[in-house]
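Q: Take a look at the following structure, please.
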Amino acid sequence: MNAPRKARVGLLGLMLELYDAWPDLKPTMAGFANEIAATLEPFAEVAFPGVCNTREQVERAVAGFEADGSDLIIVVLLTYAPSHIALPALLRTRLPVLLYNTQQLYSVGPATLSLDTTRNHGMHGTQDLANVLLRAGQPINLVTGHYRDTTTIARVKAWCDAARAVNHLRRLRIGLIGYPMEGMGDFGLDETAFLSQIGAEVRRIPMRELAARAAAAPADAVATLMADDRAHFRFADDITATEHAASARLEWALRETLRERGMHGFASHFLAVSEEGRLETLPFLAASKLLADGYGFGGEGDATSAVAVCLMQALAGQANFTEMFTMDFEHNAALMMHMGEANWRMARRDEPIHVLRSTLGDIMEVQVAPLLLAFSLEPGDATLLSLTTVAGGALKFIIAEGKVLDFPYLPDLARPHYKFSPNGDLSDFLTRYSLAGGSHHQALAYGHWGDTLEHAARLLGIPCARV
């Protein structure tokens, strides 16, 4: 549901109409625009409608980008062009805009010709356009650099990824089973603010309906899920077929419900399940498998973290719901762990994934003991994201980059766990994290996504902190 895709980009290439007096120039600059598009092709599907040098042409191009469902407009001054031909359309469009200040020429030296400068003087057109957008109260997004430089291309990619992720966020639907855990105020949610600021919608999944669907789960579908589990995971000797079947039935019911209702993820609260007594078990096994299949998840009824996981899945592919649990000062890391929900496709490849019986029966009751997957994560560079609410009801990103450490599975912990080491001192990181308002639930994905998430926050118009 939250799989990455290429960004859909509209390339708006501008030129001075006066230069039509030189018939060869427009085709040459169109060729340059196509060269730019080719450098973006690994991560973007680029629509280039041709060089624009009048206000009418720009307005038609922008309208076309909107009609095509573009994620982002990239504006390139192929030569100088006056800002007023683009200003009205760029102020009116609902699409985010990136000014890309680039040119064909890499160097100016003794052999440089006047014709070269004619073909490479978009820089002051970018300055003109940036100025008038700012004067009109429009924040600008801008990348400067040579179009073949790998660092420049990476910066443009970060904006493209941010734009496609924001477009995805604005269509999210999260299912809620039960209610957010009482007393956990950091993920308390104003659903109206959530919808208006992020675009994500929270919808209820009645446990009565989910229980009825689980009870009616087709035997062959349940058998297939159970066989798949046996093929991928190592079961504890004391796990019974009855316990496994109950978790498989609930998984099937959840999958069908999310699919039918067009939901991108869900949040559930174990105590709500216990209190209502309709579901025969907890969806721990289902959550871990659905995370692996691209659905977001938030524990204890935390819809905000489910959305954060969806966002990281849309960017990186695989992502995990997580929580900072215990400080490890010696190794400059936090032990990350929750009750029994984690993405098994992120597990260490050199260790088995265990199926265990949850110990939550000590504090709550369900008809059948829930099963969970237990493992440690594969080491690697990673990004941690908290989506939370701060003063005034504003939603906020708190972002940290670091590493998942090479840390083995500890059998006594009996649930998913791993260590996250931030870039920098652990104590300073944790202090900055809480001072920024980070909640106690997070999403984690492999890779360096800090810049992209900062851009996404800017496009959403919400605050952001790097810690």
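Q: Return the calculated 222 nm mean residue ellipticity for the chain, to the nearest 500 deg cm²/dmol, obtained by summing -39500 (n - 2.57) across DSSP H runs with n ≥ 4 and dividing by the residue count. Show your work: numbers first, answer last.
A: Values: 15 runs with 174 residues, N = 467.
-11500 deg cm²/dmol, from helical runs alone.
Q: Would you work out what percent of the accessible area of the range 211-354, with all protein chains in place, is carbon or sulfur (probe 1.4 Å)?
A: Numbers: 2540 of 5040 Å².
Result for the range 211-354: 50 percent of the exposed heavy-atom area is carbon or sulfur.
Q: Take ASP328, project a point 7 Å from its Cα along the Cβ direction, then tell me which residues of the range 418-439 have their backbone nitrogen under 18 Å from it.
A: Backbone N within reach: 418-430.
Q: Rounded to the nearest percent, how much of the accessible area of the range 1-41 (1.4 Å probe, protein heavy atoms only) is carbon and sulfur? Write down the numbers at each step before the final one.
A: Values: 1120 of 1880 Å².
After summing per-atom areas, the C and S share lands at 60 percent.
Q: While we're here: Can you give me the pair-distance distribution of the range 403-446, C-alpha pairs, 10 Å bins, whole percents?
A: Result returned by the calculation: 21, 47, 29, 3.
Q: Using 0.36 nm per residue of separation minus the Cα-Cα distance, give me the extension gain between GLU256 and ASP350 in nm, one decimal.
A: Details: separation 94, 0.36 × 94 = 33.84 nm, distance 3.26 nm.
Answer, rounded to one decimal: 30.6 nm.
Q: Using modelled backbone amide H atoms (1.01 Å from N, in-plane), which distant-in-sequence or interchain residues come within less than 5 Å of LEU142's amide H?
A: LEU99
Q: With everything on Cα atoms, drop me the angle between helix 25-40 and the longest principal axis of the chain, reported from 0 to 90° to the nearest 10.
A: With both axes taken from Cα atoms, the answer is about 20 degrees.
Q: Hey, another quick one. Computed FRET efficiency, Cβ-Cβ of GLU56 and THR359, R0 56 Å: what is it to the nearest 0.05? Show your work: numbers first, answer last.
A: On the way: r = 69 Å, r/R0 = 1.23.
In this case the efficiency is close to 0.25.
Q: Something else: Can you work out the Karplus-derived ³J(HN,Hα) for every residue in the range 298-311? Use 6.51 cos²θ - 1.76 cosθ + 1.60 with θ = phi - 60°, whole Hz, and x for glycine or proline.
A: x, x, 6, x, 8, 6, 5, 5, 4, 5, 4, 5, 4, 4
Q: Under a point-charge model restricted to the Cβ atoms of Lys and Arg (+1) and Asp and Glu (-1), what is the dipole moment magnitude of the range 138-239 relative to its Cα centre, in debye to the nearest 20?
A: Working: 13 positive and 13 negative charges, 123 e Å.
Roughly 600 debye, rounded to the nearest 20.
Q: I want to check the label-to-label distance for ILE462 and THR117. Put each point 7 Å from Cα in the C-beta direction and report it in nm to one decimal.
A: That separation, rounded to one decimal, is 4.9 nm.
Q: Distance from the Cα centre of the range 105-177 to that of the range 74-89, in angstrom?
A: 12 Å
Q: Sequence neighbours fewer than 8 away in the same chain don't count; with that in mind, list the lysines whose C-alpha is under 16 Å from LYS6.
A: Once the sequence-local lysines are set aside, what remains near LYS6 is LYS157.
Q: Also, quick follow-up: Give, rounded to the nearest 20 debye, the magnitude of the charge dipole that the range 343-403 has about its Cα centre when Lys and Arg contribute +1 at Cβ and Asp and Glu contribute -1 at Cβ.
A: In debye, rounded to 20, the range 343-403 gives about 140.
Q: When 1/r is averaged over all different Cα pairs and the result inverted, which Kirkwood radius in Å belongs to the chain?
A: Details: mean 1/r = 0.0415 Å⁻¹.
Every distinct Cα pair counted, the radius reaches 24.1 Å.
Q: Which one of LEU25, VAL51, ALA37 has its Cα pushed farthest toward the positive end of the charge dipole of the range 1-53, where Lys and Arg give +1 and Asp and Glu give -1 at the Cβ?
A: The residue sitting most towards the positive pole is ALA37.
Q: Now a separate question. Could you tell me how many degrees, from 0 to 90 and to the nearest 10, lie between the Cα long axis of helix 426-435 and the main elongation axis, the longest principal axis, of the Cα atoms of the chain?
A: On a 0 to 90 degree scale, this one is about 80.
Q: Now, a different point. Helix 241-260 versus the longest principal axis of the chain: what angle, 0 to 90°, nearest 10, using Cα atoms?
A: Result, in degrees: 30.
Q: Now, a different point. Which listed residue (PRO411, GLY361, PRO379) has the Cα farthest towards the positive end of the charge dipole for the range 346-415, taking +1 on Lys and Arg C-beta and -1 on Asp and Glu C-beta about the Cα centre?
A: So the residue we want is GLY361.
Q: Can you work out the FRET efficiency for the pair ASN34 and HIS84, with r the C-beta to C-beta distance and R0 = 22 Å, to the nearest 0.05?
A: Using R0 = 22 Å, I get an efficiency of 0.25.
Q: Among the lysines, which fall within straight-line cross-link reach of LYS419, defined as a Cα-Cα distance under 17 Å, with same-chain neighbours fewer than 8 residues apart omitted?
A: Here the lysines satisfying the reach criterion relative to LYS419 are LYS403.
Q: Let me ask something additional. Fully extended, how many nm does the chain gain between HIS448 and ARG170 (0.36 nm per residue separation, minus their Cα-Cα distance)? Please list the in-between numbers first.
A: Values: separation 278, 0.36 × 278 = 100.08 nm, distance 2.30 nm.
Length gained, HIS448 through ARG170: 97.8 nm.
Q: Using a 7 Å offset from the Cα along the Cα-to-Cβ direction at both VAL132 and ALA394, what is the distance between the two label points in nm, to one decimal?
A: 3.0 nm
Q: Across the range 459-466, in residue order, what do the Karplus-derived ³J(HN,Hα) couplings come to in whole Hz, using 6.51 cos²θ - 1.76 cosθ + 1.60 with θ = phi - 60° and x for Gly and Pro?
A: Each residue's phi maps through the Karplus curve to give 5, 6, x, 10, x, 8, 9, 9 Hz.
Q: Rounded, prolate or oblate: pick one for the range 1-123, where a ≥ b ≥ c are the square roots of the eigenvalues of its C-alpha gyration tensor, a/c under 1.5 means rounded, and failing that, prolate if a/b is larger than b/c, else oblate.
A: On the way: a/c = 2.32, a/b = 1.45, b/c = 1.60.
It is oblate, given that a/c is not under 1.5 and a/b is not larger than b/c.
Q: Out of the total accessible area of the range 45-143 (probe 1.4 Å, heavy atoms of protein only), what percent is carbon and sulfur? Don't jump to the answer; show the numbers that get you there.
A: Working: 2480 of 4660 Å².
Within the range 45-143, the accessible surface is 53 percent carbon and sulfur.
Q: Note down the nm distance, to one decimal, between modelled labels 7 Å out along Cα→Cβ at SER427 and at ARG278.
A: Between SER427 and ARG278, the simple spin-label model gives 5.0 nm.
Q: Could I ask something else about it? Roughly how many debye, to the nearest 20, is the charge dipole of the chain about its Cα centre, given +1 on each Lys and Arg Cβ, -1 on each Asp and Glu Cβ, and no other charges? Intermediate results must be reported in sequence, preceding the final value.
A: Working: 40 positive and 53 negative charges, 242 e Å.
In debye, rounded to 20, the chain gives about 1160.
Q: Also, I was wondering about something else. Explain nothing, just compute: Karplus ³J(HN,Hα) = 6.51 cos²θ - 1.76 cosθ + 1.60, θ = phi - 60°, for every residue of the range 440-450 in order, whole Hz, x for Gly and Pro.
A: Values, residue by residue: 8, 10, 9, 10, 9, 9, 6, x, 9, 10, x Hz.
Q: In nm, what is the difference between 0.36 nm times the number of residues separating LEU195 and GLU182 and their Cα-Cα distance?
A: Values: separation 13, 0.36 × 13 = 4.68 nm, distance 2.20 nm.
Length difference between fully extended and current span is 2.5 nm.
The values are calculated or read from the model by the stated rules, or taken from the named source; none is laboratory data. Everything numeric in this text was worked out from a predicted model, so none of it was measured. Counting neighbours? That spans all protein chains shown, and the Cβs are built from the backbone with ideal geometry, glycine included. Just the protein is used for accessible areas: all its heavy atoms, side chains included, with ligands, DNA and RNA removed. Shrake-Rupley method; radii C 1.70, N 1.55, O 1.52, S 1.80 Å.
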